[in-house]
Amino acid sequence: MRRWLTIAAIAVGLALPALAFARAPVTQIQVKDNFYTPENPAARAFQTGPSFHWARAAGSGGAHNIVQDAGLFRSGGLTSGPINFTISASAGSYHYYCQLHGSPAGGMAGVVKVRPIQNAAPVGNPFTVIWADSGTKTGKAFDVRYKVGAGSWKIWKNDTAQFKAIFGLNNLPVTVMPGKTYQFQVRSEQATNHAKASGWSPALSVTP
């Protein structure tokens with residue numbers, strides 16, 4: 001009996017990491033006539049794989065599409081047919097709209113948001129900040145900024161093609177101080193035109 005309990009405990013312990021890193025469900029957005037619902041869903045943490053999915057709602061028959069302001073994603077041309085559009089999003093805030101019933105200024109429009117995540121760095125280093133991976137389709141260059149405590153925002157990475165980085169490696173840009181709160185925001189950019197960018201992501205807060 002004791003042996004069985006020990007094996008069960010080990011099995012549970014091995015299963016916990018998998019549960020801790022389980023993917024969150026894809027955020028579902030319905031395309032209705034003249035509006036999306038929810039148009040501004042709750043911000044989500046970055047994950048590998050699908051993030052947001054738009055589908056035509058029952059009873060909707062108008063011509064619609066989904067276009068991000070800077071062209072970081074687009075479902076295609078206007079259609080009155082089926083809509084089945086999914087993005088795997090890097091960290092950022094993405095305002096989107098329908099080209100017939102909305103605009104970057106409003107109308108049939110919304111915002112989806114993804115915050116970066118933190119992971120343990122190798123032994124002897126501070127933490128790692130992760131904002132994208134090779135499967136994300138919402139930008140191939142990134143700006144990353146940080147602030148310490150109540151300080152001002154400072155650029156850490158500018159137009160980088162990196163998907164993640166260890167913060168404070170070789171004391172750059174700062175030496176990590178235990179007990180201090182560090183915040184990070186990211187925006188995603190087109191690879192060939194860095195002026196075409198998302199808004200800044202919700203902040204990741206880390207207190208070592």
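Across segment 122-208, the volume of the C-alpha convex hull divided among the residues equals 97 Å³ per residue.
Full extension of the chain between residue 128 and residue 152 yields a length gain of 6.5 nm, computed as 0.36 nm times the residue separation minus the alpha carbon distance.
When the chain is modelled as a GNM with alpha-carbon springs shorter than 10 Å, which of 75, 188, 51 fluctuates the most? Comparing 75, 188, 51 in a Gaussian network model of the chain, the most mobile one is 75.
Using R0 = 41 Å, the C-beta based FRET efficiency linking residue 119 and residue 63 works out to 0.45. Remark on residue 174: its backbone amide H falls under 5 Å from those of 168, a criterion applied only to residues 5 or more positions apart or on other chains, H modelled at 1.01 Å from N.
Diagonalising the gyration tensor over the Cα atoms of the chain and scaling each eigenvalue by 5 before taking the square root yields semi-axes of 35, 26, 13 Å, largest first. When the C-alpha to C-alpha distance is required to be over 23 Å, the pairs from 32/140; 154/196; 113/180; 32/196 that qualify are 32/140; 113/180; 32/196. Label positions at residue 177 and residue 23, each projected 7 Å from the Cα along the C-beta direction, are separated by 4.1 nm.
In a fully extended conformation the segment linking residue 80 and residue 48 would gain 8.4 nm over its present Cα-Cα distance, using 0.36 nm per residue. Taking θ as phi - 60° and the Karplus parameters 6.51, -1.76 and 1.60, the scalar couplings of segment 91-100 work out to 5, x, 10, 10, 7, 9, 7, 8, 5, 9 Hz in sequence order, x denoting glycine and proline. Footprinting exposure proxy ranking of 23, 187, fewest other C-beta atoms within 10 angstrom first, gives 23, 187.
All of the numbers you see were taken from the coordinates with simple rules; none came from a lab. Everything numeric in this text was worked out from a predicted model, so none of it was measured. Methodologically, a virtual Cβ is constructed for each residue, glycine included, from the backbone with ideal geometry; neighbour enumeration extends over all protein chains shown.
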